[in-house]
Each structure stands twice: as C-alpha cells, then as structure tokens.
Amino acid sequence: VAKSNEVKEESLDSFFMDEGLEDHCALLGCDGDAKTAPWGPVASRKRPLCSEGAGSNYTEDSRCGGTDKKPTMDSSLKYFPGDTQIRQDPDVIEIDPIPDSYFGLLGTSCGKEPQGHIDQLPNEVLSIIFAFLPVTDLCLNLSLVCHRWREIISDPLFVLWKKLYRQYLMKEAQALLTVEWILDHYGITQEQDQCMLGFIRYMAASNATRRMDPETVLRCLKQHHLFTKAEICIIQRLPDLEGTAGAVNVWAVMAAIVLFSDGVRDIQKLMACLRRPSSTLSVLDITEMLYCMATLLNAMREKGINISNRFHYSIFYCLYLMENSCPVTKTTKLETPSSNCGRGTCNKLDIKLTHEQQRILNHTILPGQVVKIMAFAGKKADCETSCKLNFSNLSPYTISFILKHRMGQSLFVRAKTVTQTLESFFASPDEFILVEHTPIWCKNTHGMRVLVCEEEKQIIVEEARRIWDNMKMLNGNTELNCKMTSDGYLKLWQLKKPQLFAYDAIFVDEAQDCTPAILDIVLSQTCGIIFVGDPHQQIYTFRGAVNALFTVPHTHIFYLTQSFRFGPEIAYVGSTILDVCKKIRNKMLVGGNQEGDVRGSTNGKTAFLSRGNLNVFENAVTITGGERPTKIHLLGGPKNFGLDKIHDIWKLLQPEEARVRLKLQIDDHFIKKWVEKDGFQGLKNYAAKTEDRELEVKITIVEKYNVRIPELVARIKNSHVSNIAFAEIVHLVQADYVIGTVYKAKGLEFDTVLVADDFMKVPCARHNLQRLPHFITDMSAEDEWNLLYVAVTRAKKHLLMTKSLEYLLTLAGEYFLRPELTSEALKEGAIHCSVSQCHNAVPADSILTMKKVPLAYSNGSKDQGGYLCHACVQQRLGPLTQLTVSPELVLTMDVVDEALEIPRHVAVLYDLF
C-alpha cells in the first residue's frame, strides 16, 4: 500500500506545530458553525486510517443515518503483491485462499500457521494495532522504530484525541491553544452557567461525521441503566439535538451518561454497550470519544469550572485498564529447595507485566546511571528498608546528666537541643558537627518557642562534639551514659567512604525516606543506581529523611502508577488526596478492576489506623470492651506500643503510701528514676520541655483513664494475638481486628480499613469554605497529607472514611450526589430537601433530582442521605445543576446557609484568624 504524501516526518510531541490552528480545530469538529469561527473554511483532509472497525465498514450514506448499510471492501485492500485475487461485485465478495504471508488476517490454506513479518502488514492494519497501545509507548518507543511507523503515528488523523490528551497534560502550547478555543467557542467557561450544555453540544458536533448507524447505537445504549435519565435530559434541556424521527443525538446521550455516572463501573458499562456485536462503532471510535471528553473535562477543571474530578478520573481509569488489559507474560525460573538431595529445583513462574513494568525491564542499567522508579502505593513487590531510623537510645534525659550547668537555663531544654543536633548530624553527609546542625528554634524555661542565639549554638556544637567523641570510643565506656546508636553506626560507615565494587547496580527501596547520609554512600558508588519509592509516602522528614526521588538528579525516570491492591473506588480517594492536597494531576493513581467500596461496607480483616497512639489506645479500649471476647492485634506488639510503660506512669501517679501498700513495682528504668526526682509532675514537665510527643501521649492516656489504667492495660494485653511471622502479618490468624498507627502499617495491607479522626482535617464541605476564608490545604505540612494518603491506600476492599475525609473529596467536587428521575421520586409523595434548615421542596416540573447516597463513617455514625432541592444542588455541583432543571426554576428557590458542624476549639482558631 502506497504511503500517503500528506503525512510529514516530525516529532510526535509537536505534530500540531506545522498545522494551522484553524486546520487542527477543523479536524476536531470545531468548524460546525462557520459563522462564529474566527477563520474561513478549511481544506478537507483525508479520513483517518483506522476510523472503522474491520468488517463493519459502512458506505458514505450510512454515516448520515441513511438506510444503505451494505458492507464494502476498503479499496486499499484490493490488490496485494503476489498472485492473490480478490473479486468483488455489488452484492457478493469472494476471496480466494490467501497465502500464509498475510498472517492469517485473510485466512490461511491447508491449516498452516500464519507466516510473514510485521513489515509486510499494510499501514491500515498497523495503525489499528498501534491505536490500542498507550500513548506513552507510541511516543517513546514505536515512533522511534522506523520512518514508516513514525509517519503512521505522526499522522494528524491517527488517534487524534489520544495524542491531544497527552499533549494537553504536557502543557504543549499548541494543544493548550486548541483546547482553549474549543472551550470558548462552545461557551464552556467559568462565567457561563450553562457550560455543561455547551460540553454536550460539542460532543454532538465533533463526532457527527463518524460512520455509524445512529438507530443501532441507540438500541445498544438503551441497555445502560442511565440511558433514560440521559435521554430525558437531552430532550428537555437540549431539544435542538433531537432528530426528526424523535431519536436523540447519540453522542449527546453518551456525554450525559458520563456526567451522570457513579464512577468507573458506569463508564465501563457504557463501553460494554457500545462494543456489543450489533453496534456499528469501532473500538477506536469509542476510545477517541472518551479521550475527547477526558481532555475537555480535565481542561474545564484547570480553567476553574466547578465540576467533579470524578468525571475525568473515571474515563482515564477505564482507558488505562483497557490499554493495559493484555499485559505481557514473562516467564521466570523460580528455584525451590529440595528436601531429598539438597539441590534446588526450577519451576517456571508466569508473571503478568503491565506496559509500565515492561518499560522498566526493557531498560539496561549501566555504570553511572541513576534511575528513578516512581511507584505509587500498592506495588507488586514490597521490600523492607535496609536501615530503620532509631533514636530511642539517645534521649534528652540521659544527655542532661552530662551537660554542664548554666544559670537560668533548664538542663532538659539544653539536652533537647544537643540531642537534635546529634540526630541532624547523623542524618547528614557532613564529616563534622557544625552550627548548621543545631536547631533554629527551641523552648525556653517558660515553655515559649524562641530562636536559638548564635552564642548558644556554639555551646551546643561543643557539647555535641564531646558526646560524639565518647560514642566513637566503642569500648563500653559508661561514664557519659550514652552508647552508640544504630544511626551512629551508619554514620561511622558513611564517614569511612565505603566503595562497593562487587556490584553492577544498587537498588534502593523506600527512597522517599532516605537520609542524606545514606544518599552520600549510595551516590559515591560507580555502578548503576536504582531509586524506587513513592514520593507521597514520605512521612519521616521530622527524623531528617529527605526525598531522594525529588532531590537527586537522574538519568532515567519511570513510573508505576497502577496499584494491584485495590479497585477504582479506593484508588479514587487516594488519587483525590494527591490532587487536592498536593496538586498532583499529571500522574494519577489507578488500581485494578476488583470490587471495592468506600460507603460503609466491611469484610475480612479490619484495621483501625490512626495517626497517633492516643487513638490506638482508645480504639483498643472500645473494641475489647464489648460483651463478647474480641481478639486484636496491636501493630508492633504491646511492648513496642508501650502498654507496660503506661502502667508504670500510672504507678508513678499514685501517692507513695499507695505504691507501698499495693506493692506497685515500677519496672521501666526511665520512669523509675522519677520516683526520687520530682515524681509524676516532674515527668510531665520533662515531656513538655523536651517536646517528647510520645511520652506526652502516654501521660495523656494515664490522666484520661486514671483508675481504669490497670484493668484496661491487662484487658488489652490479654486480647492481643501475636502474628506468626512478620511477612504473614496481613493474615493475623485468630485476630478479629488490627489496631495501630499509620507509621506501623506502612507497607502492609488489609481487607477493610477504618481511618481514625486524628489526621489532618478539612473543617467543612467546599461550598461552605467561603465562611472560613483562612483555610487552605497548602497550610499543612506535606507529611500530614502523606500520612492520610498512606492510611487510605492500606485498604484492599473496603474503606470507611471520616467526615473530614468526605469534606476533602468535596474540594474536588465529589458530593456523592446521583441523579434520579423526579417523576419516579414523587410517586411516594412530596419531597422536601434533606439539608438541615432548608425548607424547599422538589418541584414536579423538574427533570431530574439529585439524591445523596448513604454513607457510614469510621466512627460508627451514618449519613442516611436523601434528596436535595435544586438550590442546594446548585451550591454543591454548580453548572451540572443545569442538566436537571431550568435556571429560572432554581432562581425561585430560597438559598440557605447550612449549619456548620465544626468543633468549638477549631472554630475559635478560625475566628482568631
């Protein structure tokens, strides 16, 4: 087949650049209204190479809805090199036996295996094959194979919207200009209340030239449960899109279905309807339509239009799963030990690889290369970090005994600054303790935060150097009462400048939590280096960790955005946290196709995950306090959690005569020292001055539960079930519930996760935030949002959210409102708005009514949901309301301010601002 002279040899990432904007917008269907276009008519372009599915081509008349549906053979397939003859007459197509060199595409003779080489395939067939691949593979791999493949991929008519979608995400100038013109031309702007109607109009206009039978496609669409709602929306709100025969515009209905969808499942059902055998749409037609909607919906959010991010996310998710639905199978040999002769046996293991994983495996690591793999939560393989940060042996209490007394300053405050200086030095790549390692702020003797003066910094450095010199002696010297810590040993190794010549590459997992000291060791090697981690799971910056995935320059970078842990519902929540709180939109977390739920269902092993230990203790008290015995597992174990230490603090709280009479023996060495020092109050003062958060939490627990502490500690310990092995902790045999902090749960997964209410909070829903103008997500430390993200992504099947997490989703426009036919809803009588203090009723002459789906929260409370009036819907969903009712009807309704459920102490803080 002859190559087209219209295709230019050019870079895929700039395939728009040599085209005029008017030409390109004409290709996108933007010239339907020539009167309003800012330019004159454009030259017609050739049809795309693969605009129809094989075997389902229609004549030119059929694309306008005509009755001539006679199949025709593409003229480009009439003649091939060789002796094959294809004979055609107007009604019958007869094909002689085809030689094997055509890969069996047109049949084979004598039952032989298809033969030949991919170079022999015609451009039309290659373009169909290429169209199913992810756009990244098209750009980075296939377009570089040869000139012929590059020409196919660079053709402006080849997967036009798929390429435009990628280029818009990459913020290429021509793509931004093109999409912006479409939005303006169809009134899809922030200033237009009816911008969603403009979106549907564009979808109807831009796809009008696709070859299909509208009646057949409509029959397929009627199988979708949202069809009736979408159809009545088009008939009532866009009557001009209704055909002469009473049939609504097919593409308009598809757009409405997407806007009324409940998530990924509804989009998948839409694709399934359109791919039915009776449908006259090709898979490419469907995917191009979805990429078109994804591009515009994403652009609408970027332009500040008040719509949910769920629309774009659901489409992207479906397209991602479809393009990765045929993963590469890689066979590896797995050696297993034999008990008979001691020799290992090799078994073949088939591993399904995604395109992202295969792209990484195709890369050969060379000396000097620094490869980064940005792996989102839920990788296929989890590795334990080689070194755990641990400063438990270096406490301000022990340091305080060896510091020189100075007038007017608390030893505990000084000990805290010296400890912080040593910790900073251990984590740094530096050879000597310097002023730069000292803290900037500290608490003075009155508990106020003050700047550390330069004179004090010099004293801190001298004392830290003296302690470090004694630690390095490694001879059991106990004079200074401070032994070498694990981070100190790592520091000693780093200072020796080790060279690891025996390795071809160094693989660093959890690279987001590396310390500069570790990076100094790794980056000083000459072999290849691979950093792997999730930058959004960095939760140890308070311990000196830095994110190597951001700070270290790289030679190559790869992404693993798909999680194999959860399905679309949980993935959406995790992705929205990154979207709203961290402004991450160019790379989205996706999951698999498994079922899941975020609305209150539970199943399997259940984990209660908290930010801090106070909630862990309270959850343990609540769960073990039921009528029937309940088995729990404390992540890290009772000892690591500090149950015995809590009991000892309670003993310290008791009067001396009570301790003697009840024979209360304090076992913890540190707590015991306070018996003769300043007692419980002295311990409390120490925790406050040294800002020992862990100790402060234990003291809070003791003060809150007081006389119940002995009984509660014993009950929790008796209810605890130990795991068999750490690698099998997710199974937790015999344990009914898992309880722990997100720090302990990092790297683990559970069937059901209940998120505690002690994470960073969003005080109210988006439409009420204007009443709290000082709240912005950027005001919180990045680690805080990462903690919430880690907690959410531990769930495999079910996630129970807090009210605050639901509020966070509203910042992305997700209110869990779904459309219902007003006529159906009113059959049970008049409907009043379920929003508190709103007295509006749902009018009978409205088309659709939005209903809040029921939600169950992690604290046991429930939102029963209910119908909302259109004025309240307008507050929440903005322009989407125009699809359900006329704007004049909305204006007749009263608008009320919803009562805010903000804790008093939080409200006071906002009032202060």
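No lab work stands behind these numbers, since they all come straight from the coordinates. Keep in mind it's a predicted model, so treat the numbers as computed, not measured. Here the Cβ positions follow ideal geometry from the backbone for every residue, glycine too, while neighbour counts run over all protein chains shown.
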(message) Could you work out the percent of alpha carbon pairs in segment 554-614 separated by over 14 Å, rounded to a whole number?
(response) 68 percent
(request) Rank the residues Lys587, Lys717 as a footprinting-exposure proxy: fewest other Cβ atoms within 10 Å of their Cβ go first. (result) Lys587, Lys717
(request) Take the alpha-carbon positions of segment 396-484, form their convex hull, and give its projected area averaged over all directions (one quarter of the hull surface) in nm². (result) 5.7 nm²
(message) Suppose the chain between Glu703 and Trp441 were pulled fully straight at 0.36 nm per residue; how much longer would it get relative to their current alpha carbon spacing?
(response) 91.4 nm
(request) Calculate the tail of P(r) for segment 612-715: the fraction of all Cα-Cα distances greater than 18 Å, expressed in %. (result) 48 percent
(message) Between Ile557 and Lys303, what's the calculated FRET efficiency when r is the beta-carbon distance and R0 is 22 Å? Round to 0.05.
(response) 0.15
(request) Give, as a single signed number, the net charge of other residues whose beta carbon lies under 11 Å from the beta carbon of Ala272, with Lys and Arg counted +1 and Asp and Glu -1. (result) +3
(request) Before anything else, pin down the relative contact order of segment 494-615: Cα pairs under 8 Å, at least 6 apart, normalised by residue count, whole percent. (result) 20 percent
(request) Using the number of other C-beta atoms within 10 angstrom as an exposure proxy, rank Ser836, Ser486, Ser722 with the fewest first. (result) Ser836, Ser722, Ser486
(message) At 0.36 nm per residue, and after removing the present C-alpha to C-alpha distance, how many nm does the segment from Gln499 to Arg275 gain when stretched out fully?
(response) 74.8 nm
(message) As a footprinting exposure proxy, order Glu828, Glu696, Glu901 by other Cβ within 10 Å, with the fewest listed first.
(response) Glu828, Glu901, Glu696
(message) Need the full-extension length gain, Asn603 to Leu177, defined as separation in residues times 0.36 nm minus the C-alpha distance. One decimal, nm.
(response) 148.5 nm
(message) Please give the Cα centre distance for segment 621-677 versus segment 416-487, rounded to the nearest Å.
(response) 32 Å
(message) With only alpha-carbon atoms in the gyration tensor, what are the semi-axes of the equivalent ellipsoid for segment 817-912, in Å, largest first?
(response) 27, 17, 11
(message) Given R₀ = 51 Å, what would the calculated FRET efficiency be for Glu431 paired with Ala841, taking r from the Cβ atoms and rounding to 0.05?
(response) 0.10
